[in-house]
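Okay, structure first, notes after.
Computed from the coordinates by the stated procedures, all read-outs in this text should not be read as laboratory data. Please read these numbers as outputs of a predicted model, since none were measured by experiment. As a convention, Cβ positions derive from the backbone with ideal geometry for all residues, glycine included, and neighbour counts pool all protein chains shown.
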Amino acid sequence: MPVHQLNHAVLYVRDLATSVAFYRDLLGFRIAMELPGQAAFLQAEGSTNDHDLGLFQMGAGAGASTAGRATVGLYHLAWEVDTLTDLRTMATALRDAGALTGASDHATTKALYARDPDGLEFEVSWLVPADRLDEVHADTGGEPMIAPLDLDAEVARWGADTPGGIGVSRPALA
């Protein structure tokens, strides 16, 4: 039986309250259940999952993650937004919080990269809908690409409120 989808991710964090506030205030997660000072289980907006992100407090003495530098481990998590307007809003919020570390155009994906209060990296992205992928492949010759993200140009091309990921990560519209 193949895996169907990612159900949730769990992170170890130094300070639970700080991490809950970050994911709630910047990414729009809501608390589904909390064990104060120990753990919190958060849901993404619109999710029907019992939780999408679990956070477990390690305490102030926890060392920084060395994954990818000195140890194996998770590189990053990626969350998807519905529209380029949402991506632009997220870019502003992450930049204002000092969390935004980069923004890339991967042709089929428009991505922001950021770090949470513990330095754990995550991505927020908008995906080109499946019925428009031929345009992207015509532009890139089907080759992978990484370029700086120009959100204004992407909004002009795809539309500010075009639902992303349709037919890719979400079912095609009927």
(message) With bins 5 Å wide starting at 0, give me the P(r) of the chain over every alpha carbon pair, in whole percents.
(response) 1, 7, 15, 19, 19, 16, 11, 7, 3, 1, 0
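In deg cm²/dmol and to the nearest 500, what is the mean residue ellipticity at 222 nm of the chain if only DSSP H runs of at least 4 residues count, each as -39500 (n - 2.57), divided by the residue total?
It lands at -7000 deg cm²/dmol.
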(request) Could you work out how far the C-alpha centroid of segment 85-140 sits from that of segment 4-25, in angstrom? (result) 19 Å
(message) Charges on Cβ only, +1 for Lys and Arg, -1 for Asp and Glu, centred on the Cα centroid of the chain; of 49, 125, 83, which one is farthest towards the dipole's positive end?
(response) 49
(request) Kindly work out what percent of the DSSP beta bridges joining two residues of the chain are antiparallel, to the nearest 5. (result) 70 percent
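Given charges of +1 on the Cβ of Lys and Arg and -1 on the Cβ of Asp and Glu, with all other atoms neutral, how large is the dipole of the chain about its Cα centre, in debye to the nearest 20?
Working: 11 positive and 24 negative charges, 97 e Å.
Here the size comes out at about 460 debye.
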(request) Report the net charge of residues surrounding residue 121, where surrounding means a beta-carbon distance below 13 angstrom and charges are Lys +1, Arg +1, Asp -1, Glu -1. (result) -1
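How much length is gained on full extension from residue 173 to residue 152, taking 0.36 nm per residue of separation minus their Cα-Cα distance?
Details: separation 21, 0.36 × 21 = 7.56 nm, distance 2.61 nm.
Computed gain between residue 173 and residue 152 is 5.0 nm.
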